[in-house]
Every structure is written in structure tokens, then in C-alpha cells.
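Heads up: the structure comes next, in C-alpha cells.
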């Protein structure tokens, strides 16, 4: 009697196709999880950069603008003793259309240096000029500052220095009390071209449009537009995610000087 021979059977075509399908499903799932994790990391990194840029920009402006009028009341010949107001490049001005505003903060710096560390003459009145531009042409706008010596009518240093990258637009309103209110004083905020009495200004409201400070954005391709104070339709840089940051700065030196008079 012949013994039965045990034979190993292979996979059928249907079994092979099912195995391949299951493998593809598992591979697609793993690939999807990897892509989702990468997108999440990219989004988190972008948002972190935006928040960091916005926080630093607001901090620089809070520290700088709040010093407006420091010790300038001691100088009888000091014109524009709060914000330098004129028609020249170094002055406070409204941007045309959706262009950024510029603010020139007048003061006698107590440490005798301007906003970027340039040495200032003893008791000289200067203006720290804050503006938003893309001077490098690298598709990254930044918050810049440069000192201007009001006494010598000359710029300090070799040029504007960047403080924070990714600041795309800056709009500024100036606050003045309306003393005509019967029950209480009300605060009126107006743009630079509407100010008629700069000595009456005691607060500044600043709005910034901020992105991650990188040349190439990682956001949606759809165009985004934002409203900053009274200016609408300010576009976010292509493919960038943007956020708006607003701060209101009290000019303590101006309030103190006015109260002391």
C-alpha cells in the first residue's frame, strides 16, 4: 500500500489579491498618518512663529512708544516733543491706501542710545522711527527702527535695523480725550493725518498683521484679507497664514507732563 504523500499547497489567486489589498490599505494608512503628523508639525511650527513674532513686535513697540516725551519738556526749544511730525522721511506719517504707517517717537534717551544701540549725544532729543518694510527684497517684511537726531537734523547709524521679521503691516491711531462729554470723558482715536494738536495725544493704538517671517508660506492658496483699525482689505502674503495683534499704549510721560503744568 502506497503511503500518502503530503503536498504543500500555494496561495490561490484570490488569496494573493486579498493579501495585496490588505497590504496596500495598511501602507496607505501608515502614509496618511505620517502626512497628517507632518502637516500638524508644520502648522504648529507656523503658528508658534507667528505668535512669537507678534509677541516680540508688540513688546518692542510697547517699550519704545511708551517713552514718548521723556525729558523733552525740559527743553524749551524742543519742537515735536512727543511724536516728530513733519513731511520728511523721518517723521510720523499715515501710509497711503493699505501701506503701513510710520511712527517717530521723540525723547531724550536716558541711556544715551537710540532704539538699535547707536550712541546719542548727552541731552540730545532724538526720534526713534518705527516702520514696516522689506528692505532686503526677500519677500519678508519686518519691523524696523532707526534713530534720528532732532538737534543735529541727522540720522544715527548706517541705516534702519530689523527688530522682528514677519510683521507685514502696521496701522496706528492716536488717542485724545474728548472733553466735551457731559457725563464723562470719552476717548477718540484718529489717524496721524487727522491730528491737529499733537500735545493732546496721550495714548497710541497699534495694530499689526503678522506672519511666520519665512519667505515661503505654508498656508492655503486662497487669498486672505484683514482689517486693521480703519484700513480694510489688507492682503496677507501669498500662501502665508497671518494673525492680527493690537495693543493700546499709554503715554505716561505725556500725561505726567500735562498734569504738572
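The values are calculated or read from the model by the stated rules, or taken from the named source; none is laboratory data. As the structure is a prediction and not an experimental result, all values here were calculated from the model. As a convention, Cβ positions derive from the backbone with ideal geometry for all residues, glycine included, and neighbour counts pool all protein chains shown.
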Pick from region 100-109 the residues that are assigned to a loop (DSSP other than H, G, I, E, B) and modelled with pLDDT under 95: which of them is surrounded by the fewest Cβ atoms within 10 Å (Cβ to Cβ)? 109
Across region 214-261, the tally of residues that are touching a helix residue (DSSP H, G or I) at 6+ places or on another chain (Cβ under 8 Å) and at pLDDT 90 or above stands at 6
Can we say residue 128 is in a strand (DSSP E or B) and either modelled with pLDDT under 95 or surrounded by 15 or more Cβ atoms within 10 Å (Cβ to Cβ) (or both)? yes
Here are some conditions: (1) free of Cβ contacts under 8 Å to residues at least 24 places away in the same chain; (2) farther than 23 Å from residue 207 by Cα; (3) crowded, with 17+ Cβ neighbours inside 10 Å. Residue 112 meets all but one. Which one does it not meet? (3)
In region 144-175, what count of residues is obtained for those that are crowded, with 22+ Cβ neighbours inside 10 Å and either at pLDDT below 90 or assigned to a loop (DSSP other than H, G, I, E, B) (or both)? 3
Of the conditions (1) surrounded by 14 or more Cβ atoms within 10 Å (Cβ to Cβ); (2) under 26 Å from residue 198 (Cα atoms), residue 141 fails just one. Which one is it? (2)
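Please determine whether any residue of region 198-206 is within 23 Å of residue 162 (Cβ to Cβ) and touching a strand residue (DSSP E or B) at 6+ places or on another chain (Cβ under 8 Å). Walk me through it before giving the result.
In the first step, residues of region 198-206 are kept if they are within 23 Å of residue 162 (Cβ to Cβ); the result is 204, 206.
When the remaining residues are screened for being touching a strand residue (DSSP E or B) at 6+ places or on another chain (Cβ under 8 Å), the result is 204, 206.
Yes, the conditions are met somewhere in region 198-206.
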